[in-house]
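Step one of this worksheet: look at the structure below.
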Amino acid sequence: MRETVITADGSPTIRDTATGEHFHSLHGAVSESMKVFVENGFLYMAPRKETISILEMGFGTGLNALLTLVEANRLEKRIHYSAVEKYPLSSKESDAYYNGFAQADMLDFEISALHAAPWGKSNKLSPDFILEKFHADIREVKLSGCYDLVYFDAFSPQVQPELWTTEVFSMIAGLMAEDGVLVTYSSKGIVKQALRSCGFIVERLPGPVGKRHVLRASINRKVV
Ligand SMILES: C[S@@+](CC[C@H](N)C(=O)[O-])C[C@H]1O[C@@H](n2cnc3c(N)ncnc32)[C@H](O)[C@@H]1O
């Protein structure tokens, strides 16, 4: 069971009632997504590339994809967005989520397009935004991209220790461009260690409200 909950910045998140985990920070879902993924990841990569290939671990509500789409339109970037999700939201759950979203009317077309896009297919949402959603476990999915940017947005390492591992990070590293970066909200020691042991150079950055630090990790094969 999953239910929509409003966070401190007024934007909604989802609570997984089985684990008690929320999809975003209760200090602000949009604030967290903007800081951790859009600012530290997409806006960092945008001046470097005209076309950016993004992999998201955990599509969930599609909030990271939506905010990236808005920024990509603003900056006139071309995006190839691949997202992996093991437990997709039902349309009832995503409708309930976006009912609580302040910009839902303004972004109605984009929200519907992200959610209506069929799984396992390449979907051209606009001339400059291609979305591929994979209904799969990140540990089993067959991906063939060469990603510039990875949004690593699994549930926390306490709840899903099996995903914050050298096995998963090295599989992802193998799919990344030589100057690619991975961004994530957890700056726990075990996460940094696992990333470093796969060849990532890990940078600790100031986090959104309620979180001191978050991470950006460069694969940087030119240096390693
Ligand atoms: C912290 S939530 C983030 C969701 C999303 N990025 C958002 O903004 O709504 C983690 C997501 O990872 C998904 N997930 C959990 N285990 C997974 C796995 N093994 N493979 C792929 N996705 C998984 C969950 O269903 C959930 O949607």
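The values are calculated or read from the model by the stated rules, or taken from the named source; none is laboratory data. Since the model is a prediction, treat every value here as computed from it, not as a measurement. Cβ sites come from the backbone with ideal geometry, for glycine too, and all protein chains shown count toward neighbours.
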Study note, to complete from the structure: Filter segment 169-224 for residues that are of a type in the set (Gly, Ala, Ser) and free of Cβ contacts under 8 Å to residues at least 12 places away in the same chain; the one that is surrounded by the fewest Cβ atoms within 10 Å (Cβ to Cβ) is Gly189
Check your understanding: Got a sec? Which of Thr13, Thr4 is touching a residue at least 24 places away in the same chain (Cβ under 8 Å), polar (S, T, N, Q) and surrounded by fewer than 22 Cβ atoms within 10 Å (Cβ to Cβ)?
Key -> Thr4
Study note, to complete from the structure: Condition set part of a loop (DSSP other than H, G, I, E, B), of a type outside the set (Val, Ile, Thr) and within 12 Å of the ligand (Cβ to nearest atom), scope segment 159-177, selection modelled with the lowest pLDDT: answer is Gln160
**Study point:** Leading residue by the ranking (farthest from the chain's Cα centre (by Cα)) among those in segment 8-54 that are more than 12 Å from the ligand (Cβ to nearest atom) and polar (S, T, N, Q)
**Key:** Thr17
Exercise for review: Only helices (runs of 4 or more DSSP H) wholly contained in segment 57-141 count here; list those with 3 or more residues that are within 12 Å of the ligand (Cβ to nearest atom) and of a type outside the set (Gly, Ala, Ser).
Suggested key: 63-75, 91-99
Review point. Inside segment 2-46, can you point out the residues that are more than 20 Å from Thr68 (Cβ to Cβ) and assigned to a loop (DSSP other than H, G, I, E, B)?
Key: Ala8, Gly10, Thr17, Ala18, Thr19, Gly20, Glu21, Leu26, His27
Review point. Restricting the first residue to segment 132-156 and requiring it to be more than 23 Å from Val30 (Cα to Cα) and of a type in the set (A, V, I, L, M), which pairs with a second residue that is more than 8 Å from the ligand (Cβ to nearest atom) and modelled with pLDDT of 95 or more meet a Cβ separation below 6 Å and a spacing of at least six or different chains?
Key: Val141/Phe134; Leu143/Leu175
Review point. Can you find a residue in segment 87-99 that is surrounded by fewer than 15 Cβ atoms within 10 Å (Cβ to Cβ) and touching an Asp or Glu at 6+ places or on another chain (Cβ under 9 Å)?
Key: yes
Check your understanding: Within segment 142-158, which residues are aliphatic (A, V, I, L, M) and either part of a strand (DSSP E or B) or more than 14 Å from the ligand (Cβ to nearest atom) (or both)?
Key -> Leu149, Val150
